[in-house]
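First the structure, in the form of structure tokens, and then the observations on it.
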Amino acid sequence: MTLLGIQAWSPSNPRDVLEPGRVAPATNHHLDKPGGGFWTSTWDQETGGGWLEWCTRESFGTPPFEVYLLTPDPNARIYTIDGPAALRDLAARYPSTVWPGRECIDWASTVAEYDAVRVTEAGLWSTRHLFPRLSTYSWDCESTCWFRWCFTEVQHYGPWQPSRDLASAGDL
């Protein structure tokens, strides 16, 4: 059992609507991360968390960002990638045959054992440059891909705007 802090979800498309309980099936569409699922980042009041930091830094979308805060079920089965050993362990247990010649994870098979897969900030930076081998290069930021709806509470936070300092910082 892994306990996570409050998770933040912000639609990447303004037309996206939070539909509790609706989670797209996990797929092996991407090399380094699951396709589908429901994606969140750990909430941080000041920075917005990994996803909103990335959006601000990369000018992906226009602030203010609409934010929903979700409380994960403490019994959710979450696999945490916090470094190369954890990434390699998951790949050894769920090897993919979808991408011949590449060491990849069969994300669609991980759903049998886990409700979500999370990459921490430390895990992201210590594994993203293992490319062209197994890596987390395409994850972009600390985040969790949920394969099932595992939240006990959902709160609409409303519009969130990065502080002027955060928005102008080049090295978030």
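The values are calculated or read from the model by the stated rules, or taken from the named source; none is laboratory data. It should be emphasised that the depicted structure is a prediction, and the values quoted were computed from it without experimental measurement. Cβ atoms come from the backbone with ideal geometry, glycine included; neighbour counts cover every protein chain shown.
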### Query
Taking strands (runs of 3 or more DSSP E) that do not extend beyond the stretch 6-69, which have at least 3 residues that are exposed (fewer than 12 other Cβ atoms within 10 Å of the Cβ) and at pLDDT below 90?
none
### Message
I'd like the full set of residues that are within 15 Å of the chain's Cα centre (by Cα) and in a loop (DSSP other than H, G, I, E, B), limited to the stretch 126-148.
### Response
SER135, THR136, ASP140, CYS141, GLU142, PHE147, ARG148
### Message
Please go through the stretch 50-93 and give me each residue that is touching a helix residue (DSSP H, G or I) at 6+ places or on another chain (Cβ under 7 Å) and of a type in the set (Asp, Glu), ordered by number.
### Response
ASP82
### So ASP171, is it surrounded by fewer than 19 Cβ atoms within 10 Å (Cβ to Cβ), assigned to a helix (DSSP H, G or I) and modelled with pLDDT under 95
no
## Note on the structure
Matching residues in the stretch 1-40 (in contact with a helix residue (DSSP H, G or I) (Cβ under 9 Å, 6 or more places away or on another chain) and either hydroxyl-bearing (Ser, Thr, Tyr) or closer than 12 Å to SER143 by Cβ (or both)) number 10
### Message
So, THR120, is that one crowded, with 18+ Cβ neighbours inside 10 Å, at pLDDT below 95 and among the β-branched types (Val, Ile, Thr) or not?
### Response
no
### Task
State whether the residues of the stretch 117-134 include one that is among the basic types (Lys, Arg) and closer than 22 Å to GLN7 by Cβ.
yes
### Query
Scanning for something in contact (Cβ under 8 Å) with a residue 12 or more places away in the chain and among the β-branched types (Val, Ile, Thr), does the stretch 126-137 turn up at least one residue?
yes
### Query
Is there any pair linking a residue in the stretch 85-101 that is closer than 20 Å to HIS129 by Cβ to one that is buried (at least 16 other Cβ atoms within 10 Å of the Cβ) and of a type in the set (Ser, Thr, Tyr), with Cβ under 6 Å and at least six apart or on different chains, and which?
LEU87/THR127
### Task
Within the stretch 87-125, work out how many residues are in a helix (DSSP H, G or I) and in contact with a Phe, Trp or Tyr (Cβ under 8 Å, 6 or more places away or on another chain).
5
